[in-house]
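Structure first, then comments.
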Amino acid sequence: SDKHVVIHSAETGEVVRELAFGHWVKSVDISPDGRWLVASGMHHEAKVYRTGDWRLETTVDTNTESIMAVAVAPDNSCFATGGDDGRVKLWRLPDGEPVGPRFNQIENWILNVQFSPDGRHILTTSKDGTLRMWMHELGEELLSLTLTYDWLSDGSFSLDGQSIVVGANTDVYL
């Protein structure tokens, strides 16, 4: 890996900007209002960039080895990180101050974190094949499903928030 976040034009596909990250980049997300880009990787840092000038706004030290996933809340108020320590942590946008509860998952890597469209729930998928849904404001676990495959690598809510799709190492579940 070249350890950069690369921004491409959606119209032409051309590279608009490359942002030096310093470590292997694992996850990126842009805030719904388009003002912030959050990136994380195989290191203990998440970085917040301003999209207007692509300057680094802040670096968050998450005190975990690898941040496998980032997601920005629909209201642009915070972002979530999930990593190899099995925890989801919430950080205020754009300054990266810790906010809200920490979501303690079992001791397994979180591979994906996703907010529901209304921002009320957070979905996590993990290396051990478990999907969890949490109450965003309280950090309480609402749902836990263990599927037959390890490495639930991705998960997402439908636009209406009524369905969840999960990608595993060999299959996709709806």
### Query
Where in region 52-91 are the strands (runs of 3 or more DSSP E), entirely inside, with at least 1 residues that are charged (D, E, K, R)?
56-61
### Query
Can you tell me which residues in region 97-114 are open to solvent by 10 Å² or more (accessible area, probe 1.4 Å) and of a type outside the set (A, V, I, L, M)?
E97, P98, G100, P101, R102, N104, Q105, E107, N108, W109, N112, Q114
### Query
What about D171, is it more than 16 Å from the chain's Cα centre (by Cα), of a type in the set (D, E) and either open to solvent by 60 Å² or more (accessible area, probe 1.4 Å) or modelled with pLDDT under 80 (or both)?
yes
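Does R55 meet the test of being over 23 Å from V6 (Cα atoms) and among the basic types (K, R)?
Criteria not met by R55.
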#### Entry: Residue in region 41-63 that is of a type outside the set (F, W, Y) and within 18 Å of L123 (Cβ to Cβ) present
no
### Query
Which of (1) touching a strand residue (DSSP E or B) at 6+ places or on another chain (Cβ under 6 Å); (2) within 18 Å of W91 (Cβ to Cβ); (3) modelled with pLDDT under 95 does V38 not meet, given it meets every other one?
(3)
### Task
Could you give me the residue pairs with C-beta distances under 6 Å whose first residue belongs to region 38-56 and is under 13 Å from F79 (Cβ atoms) and exposed (fewer than 14 other Cβ atoms within 10 Å of the Cβ), whose second residue is of a type in the set (D, E) and at pLDDT below 95 wherever it lies, and which are 6+ apart or on separate chains?
none
### Message
Looking only at region 115-153, filter to residues that are among the β-branched types (V, I, T) and closer than 26 Å to R92 by Cα; which one of those is surrounded by the most Cβ atoms within 10 Å (Cβ to Cβ)?
### Response
T125
## Note on the structure
Of the residues in region 1-33 that are in contact (Cβ under 8 Å) with a residue 12 or more places away in the chain, open to solvent by 100 Å² or more (accessible area, probe 1.4 Å) and not in a strand (DSSP E or B), the one that is farthest from W91 (Cα to Cα) is S1
### Query
Does any residue in region 71-92 that is in contact (Cβ under 8 Å) with a residue 60 or more places away in the chain come within less than 6 Å, Cβ to Cβ, of a residue that is surrounded by 20 or more Cβ atoms within 10 Å (Cβ to Cβ) and assigned to a strand (DSSP E or B) six or more places away or on a different chain, and which pairs are these?
A73/F115
### Message
Anything in region 63-87 that is within 9 Å of the chain's Cα centre (by Cα) and either of a type in the set (V, I, T) or over 20 Å from D154 (Cα atoms) (or both)? List them, or say none.
### Response
I67, V70, V72, T81
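The values are calculated or read from the model by the stated rules, or taken from the named source; none is laboratory data. All values derive from a computational prediction rather than experimental measurement. FYI the Cβ positions are ideal-geometry reconstructions off the backbone, even for glycines, and counts take in every protein chain you see. Note: accessible area is taken over every heavy atom of the protein model, side chains too, but ligands, DNA and RNA are not part of it. Shrake-Rupley method; radii C 1.70, N 1.55, O 1.52, S 1.80 Å.
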